[in-house]
Structure formats: C-alpha cells, structure tokens
Amino acid sequence: MAKTVIVGITGSIAAYKAAEVVRGLSKQGMEVHVMMTEGACKFITPLTLETLSGNPVAVDMFSEYQREKVPHIAYAKQADLVIIVPATAATIGRLATGIADDMIGATVLATRAPVLLAPAMNSQMYNHPLVQNNLQRLEEIGYEVITPALGELACGDVGDGRLADVSHILEQVIGKLGGQNDFQGKNILVTAGPTREFIDPIRFISNPSSGKMGYALAQAAADRGANVVLISGPTGEKPPTKGKVVRVTTAAEMLQEVMKYFPKMDIVIKAAAVVDYRPQSRAVQKIKKGDGQIQLSLEKNPDILKLLGSRKGEKILVGFAAETQDLVKNAREKLTGKNLDLIVANDVGQAGAGFSTDTNIAHVLHRDGRVVEFPLGTKTQLAHLILDEVLSIAGAEV
Ligand code: PMT
C-alpha cells in the first residue's frame, strides 16, 4: 500500500522548494497531503501544491471541516510520516511549545508518525539560542531535524540556514519510509569514526574520520528494521534516531566494546578508521617543549576486524578499506587476510570520496570475486547500497 506523507509548508522564501519535495514524493508513488500556513500562501499558491500532490490542500483548519470531520486528526491518523518543509523559526517555536491553533501545529501534536523538520531561515536566526533550544527540545522528543545547508541566503548573507537540498530531503523521507523492512529483527553492529591514541593528557594520534559513513550505515540499517548497536569514536555527528550508541575513544576501548556485543550480532560493519599504532606509553603529565627532537615509540594496536574474522562463524562481516593506491588489489588482500564476506574499498585521495565528505565513491568486493562499483553518491545512498549487497550474499539468510 502507498505510504502517506503529510507535508506542512510554512512561510519562508524556501516554500517554493517544497513544491519539488511534493513532486518528488508523488513520483515515488507516495500519497501526499499538503497543509500550509497563511504565510506559506504568500510565497506559493495552494493550487500549485494541489496540482502536484493530486489532493486538496489544507490551509484553514475550520474550512477543512467541510471535507473532513476533524481534519487535523484525519491527517494525523493517515500519516506514515509528517514533514515540515521549510520550517520557519516561528513554526519551530510553536511546535516546541505545543501550540496547536493551526493545521500544522494540531496535526503534529495529534500524530504518532515520525516527524521531520527541514528548517530554513537567516543564519543569525537559525543560530539564535532560542531556535537552537527549540530544535533540541523537539529532537529530544524524537523529531528529526534535517540540518540546513551552508551557502548564500535569500537576504544576501552567506551562512547556514539555507534549506537542505531537495534531493537530500527526499532521501531522508524515502529512507524512513522506503517500505523496506528487510533487516527486521537482525542485530547489526556498526563501528564509526576515528580512534585517538594519546601521547600525553592533551595530545593524541588520530585521523580525519568524521563518522559520517558509519553513522549513515547505522541510520540506514535502523530504517530498514535492524536492531543497531553503533560503536563510535569521537565525532560531532548526531546519533541515529534509533538504536544504541556506545562511545569510545581509543582502539583498545573499541576492541573491548566490539567484543562485548559481537556474540549477539548477525552482521558487523566496520566503517571506523582505527588508528593502527599507539604510543608505547602515555605520559601522565603534559610533555614539556624542549630544544631538541623527541622520539616517539609506537606499538601496534590490535586489529579488531581480523580478530572478528578469526571468530566469524555464521556471522556476516563487512570491512572497509581506505586506500590511496592499488585500491582493488589492496582491498582484496584485506578481504581475504581478515576473513570477510564483503569489503567496501574507497580511494580516500579521490575528490568527493573518503574522510569527512558527505559523499563517497566505492568498490564493493565480494568473497566470491564479484566487484560492484558505486559512483559518486551521498553516504546515505552508499549505505543503502552496501546493505543491498549484504542481502545479496548467497545463503546469508538475512
Ligand atoms: O568517517 P568518515 O569521515 O565518513 O570517513 C569514512 C571512512 C573513510 C573512514 C570510511 O569510508 C573508511 O574507509 N573506513 C575504514 C578506514 C580504515 O581504517 O581502513 P583500513 O584500510 O585501515 O582498515 C581496514 C578495515 O580494518 C576497516 O574496516 C577498519 O575498521 C578495520 N581495522 C583496521 C585497523 C585496526 N586496528 N582494526 C580494525 O578493525
């Protein structure tokens, strides 16, 4: 059955982009109903949205009574997902305080479906503590905020607060509603982010991993029904909306936590960039700067993935390979050396791929010799494609 998305449009110049969101969702075969504030109608007409969604648009809560008995409750019950796009500071404030005197406020309060907010406003407004507090409050009760983009704003300022790309918004909605529950009941462990190996209390060896790849995998797996445990090194990423997050700092801590959860897992995906070497000893106090050179003695960190490979049993093990040359050859060696089912090879020297970007480019190598190439795409898209490859493993029974 087609999924029903209720789209709330509020009074921002970015309202015209909501038309593309509505069109994109309709094209995906979703049933789309639109509700608009009076402010939104100053920027875009209900007729446009009516035409694109194929359904009447609700603006005035009371005039809607002619069509539906209690319109906001009807919307709230029908919804598989509610998205407010764009969400102005005013609407965010109203939702955060439970004000329900228009269609959007009342529907959001009445629904038990997931709620997504795509804020759009001037960056001074977006970064104002009141708006940030309101967003935090909404996130705390489970609403999801689609982070606005950086760039030129309608007022001419440059900063954050610009509505996220329509393609990104569509991806978030489709990801939530994809209808795929193909990992239902499966236990998946994902690792993400870097580790830090301390030299003294304030200095450490690490790498530029942001955690984006691993967090995208954890979110995608959770959206597809898996029970996810995410073991994360230090990152600034927002935790996935579902599942458990375990925070670690060093490779030794990651090893300990991974081994704790491993026995109950069906699938393990190791996207973390574990630092290979750690200082042989950690100075208790800050090392004072002298005139000469200092020598740092390093010892090998345990290879967590290799250890899992030696105890693999029936579990599916997916590794990553971060390479700067001989991508496929080096990845193949890791696949066999660590006894994996799949390895995701990314050339971290390539533009748009690897560390800290929102996108990635990958070759996925199977144990049976198959190689699947994935061109430039968002890390969320790649995460879903990797999960599809996991499903494709013969006899995997996931
Ligand atoms: O976090 P982002 O900014 O989004 O960047 C994503 C990423 C580049 C970190 C990710 O796509 C990626 O490539 N992750 C693996 C990085 C890495 O450590 O690759 P490697 O080739 O050194 O290690 C191979 C595999 O062994 C990895 O799955 C790694 O998690 C694992 N490993 C490595 C060393 C070690 N001591 N223990 C391990 O488990």
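Here, each number is a calculation from the coordinates, and none is a lab measurement. Fair warning: this is a prediction, and the values are worked out from it, not measured in the lab. Note that each Cβ is placed from the backbone with ideal geometry, even for glycine, and that neighbours are counted across all protein chains shown.
By the helix-only formula, in which each DSSP H run with n ≥ 4 contributes -39500 (n - 2.57) and the sum is divided by residues, the chain has a 222 nm mean residue ellipticity of -9500 deg cm²/dmol.
Taking the chain as a Gaussian network of alpha-carbon nodes connected by springs under 10 Å, the highest mean-square fluctuation of the residues Asp341, Asp368, Asp223 belongs to Asp368.
Strictly greater than 29 Å: what percent of every Cα pair in the chain meets that?
Tail of P(r) above 29 Å: 50 percent of Cα pairs.
A compact globular protein would have a Cα radius of gyration near 2.2 N^0.38 Å; the ratio found for the range 230-317 is 1.38. Between Glu373 and Asp326, the modelled label-to-label distance comes to 2.1 nm, taking each label 7 Å out from Cα in the direction of the beta carbon.
A simple rule links phi to the HN-Hα coupling: the Karplus curve 6.51 cos²θ - 1.76 cosθ + 1.60 with θ = phi - 60°, which for the range 226-243 gives 6, 8, 10, 10, 9, 9, 10, x, x, 8, x, 6, 6, x, x, 6, 9, x Hz, with x for Gly and Pro. Measure out, as a whole number of angstrom, how far apart the alpha-carbon centroids of the range 187-238 and the range 5-83 sit. What the calculation gives is 37 Å, centre to centre.
In this structure, the amide hydrogen of Ala58, modeled 1.01 Å from its nitrogen in the peptide plane, lies closer than 5 angstrom to those of Val34, Met35, Met36, counting only residues at least 5 positions away or on a different chain.
Considering only Thr359, Thr48, Thr107, the mean-square fluctuation computed in a Gaussian network model of the chain, springs between alpha carbons under 10 angstrom, is largest for Thr48. State whether the range 16-146 is rounded, prolate or oblate according to the following rule on the C-alpha gyration tensor (a ≥ b ≥ c being the square roots of its eigenvalues): a/c under 1.5 gives rounded; otherwise a/b larger than b/c gives prolate, and the remaining case gives oblate. Prolate is the answer for the range 16-146, as a/c is 1.5 or above and a/b outweighs b/c.
For the residues Val108, Val284, Val275, a GNM of the chain with alpha-carbon springs under 10 Å puts the largest fluctuation on Val284. Based on C-alpha pairs under 8 angstrom that are at least 6 apart in sequence, the chain has a relative contact order of 10 percent. Once you reduce the range 267-298 and the range 308-386 to the center of their Cα atoms, the two points are 26 Å from each other. Based on the convex hull around the alpha carbon atoms, the range 187-397 presents an average projected area of 12.4 nm². Secondary structure note: in the range 187-397, about 40% of the DSSP beta bridges are antiparallel.
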